[in-house]
Amino acid sequence: MELSQLTIFLTVASEKSFSRAAQKLMRTQPAISLAVQRLEAELGEKLVDRSLKDGTLTDAGKTIYEYALKFENLRREMANALTELREKFTGKLIVGANESGALYLLTHIQKFRQLYPGVKIEVRRSLSRNIPQEVLDSSLDLGVVSYKPGDKNLKTVVIYHDAVAFIVYPDHPFASRKQISIRDLGAETIIAHNIASPYRQLVLEAFQKYQVQLHMDFEMPTVETIKKMVQSRMGVAFVPRMCAQSELASGELVEVPVRELQVARKIHLVFPAHRHLSHAASAFLDLVRKAHED
């Protein structure tokens, strides 16, 4: 059974005439009659009493009419919902990000919310290495990562330029220095993030390259914990600068440039190259692109 058959039958029943239904639907009368006949054959019931000329329905026809009316109302409700989705942007947007990645979204989310208050936004915490696949699998609409995935089925747009910052507590001997060398870090206790990332790897490789002993005595699950430990004078750390902005501005932490570790970080918004995006995801992507162009 096709919905178009029910629509035709509903029109015949409402107009009480095959010819008037044909005119309303801009079809020929034989085509309308054939559609109703096919529906009757599929259901195994006569729906229209053809012995009468006023489009009288049989008992079976009256039952099918009620169901056809429900289908038509649902179809209209669906069409209205899609129109509202396109014009008013309702629905839900799911973006994947790790702990620091969520921070880079805040400005964009605030602007998006002002433009499209009807859209529900969920920033789902994910491991950075898993985000590209989750976008491909449609578990996420969009994703935020600090590297450019190599998959040809994904595209990216840069949403933020950040850097890896070396942070110390205000009374640390390095705090008054304009710059230090990585060789100065041989006696320091490094508090590290225990989540693998390209930038963690760059730090490890730099210590190996310059043959500096690395005392990575603490590995923590969150950047917030790392910052608190540095403030408590338990060690020093490398963190995304964006994640320490408020503490650096207030003087609770101090950033000291390390000559051999000037590492820029490009934050990418990841989206599928070929899959159709939802209206909400497409609007968010357009907003991010415009902000980057400006």
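The values are calculated or read from the model by the stated rules, or taken from the named source; none is laboratory data. Everything numeric here is computed off the predicted structure, so don't read it as measured data. A quick note on method: Cβ atoms are made from the backbone with ideal geometry, for glycine too, and the neighbour counts reach across all protein chains shown.
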**Q.** Where a residue in the range 50-76 is within 17 Å of SER19 (Cβ to Cβ) and assigned by TED's automatic domain parsing to the domain that holds ALA21 and its partner, wherever it lies, is among the basic types (Lys, Arg) and at pLDDT 80 or above, with Cβ under 8 Å and at least six apart
**A.** ASP54/LYS16; GLY55/LYS16; THR56/LYS16
Q | Residue in the range 115-140 that is nearest to ASN194 (Cα to Cα), counting only those that are in contact (Cβ under 8 Å) with a residue 60 or more places away in the chain and in a loop (DSSP other than H, G, I, E, B) | A | LEU127
Q) What are the pairs, 6+ residues apart or on separate chains, where a residue within the range 159-183 that is over 20 Å from GLN208 (Cα atoms) and not assigned by TED's automatic domain parsing to the domain that holds HIS215 has its Cβ under 6 Å from a residue that is among the small types (Gly, Ala, Ser) and part of a helix (DSSP H, G or I)? A) none
Q) Has the range 105-128 got any residue that is more than 19 Å from the chain's Cα centre (by Cα), loosely packed, with under 12 Cβ neighbours inside 10 Å and over 30 Å from LYS227 (Cβ atoms)? A) no
Q: Please work out if GLU45 is part of a helix (DSSP H, G or I) and not assigned by TED's automatic domain parsing to the domain that holds GLY118.
A: no
Q | Extreme residue, farthest from SER246 (Cα to Cα), among residues of the range 205-218 that are surrounded by 13 or more Cβ atoms within 10 Å (Cβ to Cβ) and under 36 Å from the mean Cα position of the chain (by Cα) | A | ALA206
(Q) Under 6 Å between Cβ atoms, which residue pairs at least 6 apart in sequence (or on different chains) link something in the range 230-259 that is in the same structural domain as LEU185 (by TED's automatic domain parsing) with a partner that is charged (D, E, K, R) and exposed (fewer than 15 other Cβ atoms within 10 Å of the Cβ)? (A) VAL256/ARG177
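Got a sec? Which of LEU142, LEU115, LEU106 is touching a strand residue (DSSP E or B) at 6+ places or on another chain (Cβ under 7 Å) and modelled with pLDDT of 90 or more?
Working: LEU115 fails: touching a strand residue (DSSP E or B) at 6+ places or on another chain (Cβ under 7 Å); LEU106 fails: touching a strand residue (DSSP E or B) at 6+ places or on another chain (Cβ under 7 Å).
Exactly one of LEU142, LEU115, LEU106 is touching a strand residue (DSSP E or B) at 6+ places or on another chain (Cβ under 7 Å) and modelled with pLDDT of 90 or more, namely LEU142.
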**Q.** Failed condition for ILE180, given (1) loosely packed, with under 14 Cβ neighbours inside 10 Å; (2) modelled with pLDDT of 95 or more
**A.** (1)
